[in-house]
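Remarks on the structure that follows.
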Amino acid sequence: MALYSDKVMEHFRNPRNVGKLDDADGIGEVGNAKCGDIMRMYIKVDDGIITDVKFNTFGCGSAIATSSMATELIKGKPIEEALELSNKAVVEALDGLPTHKIHCSVLAEEAVRAAVKDYYDKNGIAYDPEKFRESEDPHEGSCGL
């Protein structure tokens, strides 16, 4: 059995939505000091819908793949739905990740939440702070692919 699914390898080799949105409505940046992964997520919102999303990730192949998949899962969705994106949904959409790489999916979830929070803050939109607490899941693991 391969360590990484075909979907993980596809999103690593051909990531979707890579880049920067100069006119982003929300920007979220998160990092993992233990392995050095850094994710920056940019969202464009129109009438409550995420109309565009881009990311820049410095990190391992799993970090790139989870960032790519997270953007695919939230693009075109209402911002409230994007806020509900879980790391488990990212892992499932990629047909799994090795246990020591689950922290990458947590970072992807947190990057989306950070971008949504930035959007809310910039637009004076009230929100429940509990929705923006850091995940309980420790960012453990080593990098490599």
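Looking across segment 93-137 at every residue that is loosely packed, with under 14 Cβ neighbours inside 10 Å and aliphatic (A, V, I, L, M), the one that is nearest to K75 (Cα to Cα) is identified as I125. Scanning segment 1-32 for residues that are of a type in the set (V, I, T) and closer than 21 Å to P78 by Cα yields V18, I27. Listed by first and then second residue, the pairs with beta-carbon distance under 6 Å, at least 6 apart or on different chains, first residue in segment 1-18 and part of a helix (DSSP H, G or I), second surrounded by 15 or more Cβ atoms within 10 Å (Cβ to Cβ) and small (G, A, S), are V8/A65; H11/A65; H11/S68; F12/G61; F12/A65. Filtering E72, E110 for residues that are part of a helix (DSSP H, G or I) and more than 17 Å from V8 (Cβ to Cβ) leaves a single hit, E110. If the condition is being farther than 13 Å from N17 by Cβ and either at pLDDT 95 or above or among the aliphatic types (A, V, I, L, M) (or both), then segment 37-57 contributes I38, V45, D46, D47, G48, I49. Screening N32 against (1) at pLDDT below 95; (2) surrounded by fewer than 20 Cβ atoms within 10 Å (Cβ to Cβ); (3) touching a His at 6+ places or on another chain (Cβ under 9 Å) leaves a single unmet condition, (2).
Sub-6 Å Cβ pairs linking a first residue in segment 32-59 that is closer than 13 Å to P15 by Cα to a second residue that is charged (D, E, K, R) and in a strand (DSSP E or B), at least 6 apart or interchain, are N56/R40, ordered by first then second residue. Give me a count of the residues in segment 19-60 that are assigned to a strand (DSSP E or B) and either more than 17 Å from I102 (Cα to Cα) or not hydrophobic (A, V, I, L, M, F, W, C) (or both). Residues flagged as assigned to a strand (DSSP E or B) and either more than 17 Å from I102 (Cα to Cα) or not hydrophobic (A, V, I, L, M, F, W, C) (or both) within segment 19-60 amount to 21. Count of segment 75-107 residues, restricted to those that are in a loop (DSSP other than H, G, I, E, B) and either free of Cβ contacts under 8 Å to residues at least 24 places away in the same chain or under 19 Å from G19 (Cα atoms) (or both), is 4. The set of residues from segment 65-106 being within 20 Å of Y4 (Cβ to Cβ) and of a type in the set (S, T, N, Q) comprises T66, S67, S68, T71, N87, T99, S105.
The values are calculated or read from the model by the stated rules, or taken from the named source; none is laboratory data. Since we're looking at a predicted model, the values are computed, not measured. Heads up, the Cβs are rebuilt from the backbone with ideal geometry, glycines too, and the neighbour counts pull from every protein chain shown.
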